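**Student:** For reference, the structure I am asking about is given below.
The values are calculated or read from the model by the stated rules, or taken from the named source; none is laboratory data. This one's a predicted model, so the numbers in the text were calculated from it and none came from an experiment. We place every Cβ from the backbone using ideal geometry, glycine too, and count neighbours over all the protein chains shown.
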Amino acid sequence: GKVGVLGCPMYHGQTKPGTKEGPAALRDAGLLEMLKDQGLDVKDFGDVNIPCLEEVPLSDLSVKNPKNIATDVHKVLDSGRACLVLGGDHSLAIGSIYGHSLAELDQVVVWVDAHADINTPLTSTSGNIHGMPLSFLVHELQPYTCKLPGFESIKPCISAKDIVYIGLRSVDPGERYIIEKFGIQSFSISEVDKLGIKEVVEKAINYLDPEGKRPIHLSFDVDALDPSLIPCTGTPVLGGLSFREGNYICEELAATGRLSCVDIVEVNPTLGNERDKEITVNAALQIITRCFGNRRQG
Ligand SMILES: CN[C@](CCCC[B-](O)(O)O)(CCN1CCCCC1)C(=O)O
Ligand SMILES: [Mn+2]
Ligand SMILES: [Mn+2]
Ligand SMILES: [Mn+2]
């Protein structure tokens, strides 16, 4: 398979700037070599240009980020490669999912995360954009939200029925209301406990794409995994997916042969000591290799 790797050192979506070190931490740990060693044709497209806060007034901040990301993701996909986006905080998904829609109109989204990330600017209590990305993208939400200055270039491009959550365990009241109102399919950690990961993944894929022909966008927030596996992330929540569950999800999505774009987000190497960073980066690297065909069975 052919993979294009895109670094996206985004940190404006939340208050801990260390997520801008995420792409470098993953590359420095040998990500590209690991992917090549499993037989992939890998091309590194470098990092998206994320201007730092000082360079642009706040109002322009977002117009550059999502648009740059969308343009670059579109370019990778149009080159015939699957796109691997290295975060950076989860606000980058505004650009990656929009960029995916420019290359493929009928994508479905698997959102693996402890959080729903679907607050609108009006329902968010933190004001952090990494808790809002889906609200900029879902058609049905638009009458209920507001456009932030600079987001004009990003158009809603997915329907509520094209999203499935796996791993939820920290959902705000406004998000719960939105999920219920629009009937967004979600498998929280409780469902993972109840059904087991095999049935969750089976149901998720069959719900999104029963005919098995639509391109899949996996937006994987590493905080979906248990904090013991990912000590270096900004919003940890106890009782997360096991390492085996995380690997299983990615193996099964890869096995569809339709995994078109993968975001790996919220790695913040500056949170924790050297050992914590090693644990976090190693777990993230393993998850990534499973997205592109490397299986535990060999
Ligand atoms: C659950 N929503 C949060 C977290 C978003 C995490 C973003 B992700 O990309 O890492 O998933 C938290 C909001 N809470 C803050 C503390 C008080 C209660 C609300 C938000 O800031 O919207
Ligand atoms: Mn195109
Ligand atoms: Mn999260
Ligand atoms: Mn997230």
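**Student:** Hey, any hits in region 81-88 for a residue that's without any contact (Cβ under 8 Å) to a residue 24 or more places away in the chain, surrounded by fewer than 24 Cβ atoms within 10 Å (Cβ to Cβ) and of a type outside the set (Gly, Ala, Ser)? Steps first, please.
**Tutor:** First, pick out the residues of region 81-88 that are without any contact (Cβ under 8 Å) to a residue 24 or more places away in the chain: none.
No, region 81-88 has no match at all.
**Student:** With the requirement that a residue be more than 23 Å from Gly293 (Cβ to Cβ), of a type outside the set (Phe, Trp, Tyr), under 14 Å from the mean Cα position of the chain (by Cα) and within 13 Å of ligand 2 (Cβ to nearest atom), what does region 66-98 give you?
**Tutor:** The answer is Ala70, and nothing else.
**Student:** For region 97-123, give me each residue that is within 13 Å of ligand 1 (Cβ to nearest atom) and touching an Asp or Glu at 6+ places or on another chain (Cβ under 8 Å). Break it down stepwise before answering.
**Tutor:** Here is the first cut: in region 97-123, the residues within 13 Å of ligand 1 (Cβ to nearest atom) are 111-123.
Scanning region 97-123 gives Trp111, Val112, Asp113, Ala114, His115, Ala116, Asp117, Ile118, Asn119, Thr123.
**Student:** Let me ask something additional. Val63 is checked against (1) of a type in the set (Val, Ile, Thr); (2) within 13 Å of ligand 4 (Cβ to nearest atom); (3) at pLDDT below 95 and fails just one. What number does that condition carry?
**Tutor:** (2)
This table checks each residue for (1) touching a residue at least 40 places away in the same chain (Cβ under 8 Å); (2) of a type in the set (D, E, K, R); (3) away from ligand 1 (no atom under 16 Å from the Cβ).
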| site | (1), (2), (3) |
| --- | --- |
| Ser228 | no, no, yes |
| Gly240 | yes, no, no |
| Gly246 | yes, no, no |
| Arg258 | yes, yes, yes |
| Cys261 | yes, no, yes |
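**Student:** A further question follows. Go through region 180-199 and give me each residue that's in contact (Cβ under 8 Å) with a residue 40 or more places away in the chain, away from ligand 3 (no atom under 14 Å from the Cβ) and crowded, with 19+ Cβ neighbours inside 10 Å. I'd like the intermediate steps shown before the answer.
**Tutor:** Filtering region 180-199 for residues in contact (Cβ under 8 Å) with a residue 40 or more places away in the chain gives 182, 184, 186, 189, 192, 197-198.
Adding the requirement that they be away from ligand 3 (no atom under 14 Å from the Cβ) leaves 182, 184, 192, 197-198.
Selection gives Ile184, Val192, Ile197.
**Student:** For region 158-243, which strands (runs of 3 or more DSSP E) that fit wholly inside it have 1 or more residues that are of a type in the set (A, V, I, L, M, F, W, C) and touching a Leu at 6+ places or on another chain (Cβ under 6 Å)? Before you say what the answer is, go through the steps one by one.
**Tutor:** Values: elements: 163-166, 185-187, 216-221.
Ranges flagged: 163-166, 216-221.
**Student:** Quickly run through region 262-278 and pick out the residues that are touching a Gly at 6+ places or on another chain (Cβ under 8 Å) and surrounded by 17 or more Cβ atoms within 10 Å (Cβ to Cβ). Spell out how you get there, then give the answer.
**Tutor:** Within region 262-278, the first condition is being touching a Gly at 6+ places or on another chain (Cβ under 8 Å), and the residues that meet it are 263-271.
Within region 262-278, Asp263, Ile264, Val265, Glu266, Val267, Asn268, Pro269, Leu271 qualify.
**Student:** Among the residues of region 136-158, write down those that are hydroxyl-bearing (Ser, Thr, Tyr) and in contact (Cβ under 8 Å) with a residue 40 or more places away in the chain. It would help to see each step written out before you state the result.
**Tutor:** First pass over region 136-158, keeping only residues hydroxyl-bearing (Ser, Thr, Tyr): 144-145, 153.
Within region 136-158, just Ser153 meets the criteria.
**Student:** Further question on the same structure: Answer yes or no as to whether Cys232 is touching a residue at least 24 places away in the same chain (Cβ under 8 Å), surrounded by fewer than 18 Cβ atoms within 10 Å (Cβ to Cβ) and farther than 17 Å from Ile249 by Cβ. Break it down stepwise before answering.
**Tutor:** Working: touching a residue at least 24 places away in the same chain (Cβ under 8 Å): yes; surrounded by fewer than 18 Cβ atoms within 10 Å (Cβ to Cβ): no; farther than 17 Å from Ile249 by Cβ: yes.
Judged against the criteria, Cys232 is not a match.
**Student:** Of the numbered conditions (1) closer than 22 Å to Gly95 by Cα; (2) away from ligand 4 (no atom under 15 Å from the Cβ); (3) among the acidic types (Asp, Glu), Asp226 fails exactly one; give the number of that condition.
**Tutor:** Status for Asp226: all satisfied but (1).
**Student:** Let me ask something else about it. What's the number of the condition Thr289 fails, among (1) free of Cβ contacts under 8 Å to residues at least 60 places away in the same chain; (2) in a helix (DSSP H, G or I); (3) of a type in the set (S, T, N, Q)?
**Tutor:** The failed condition is (1).
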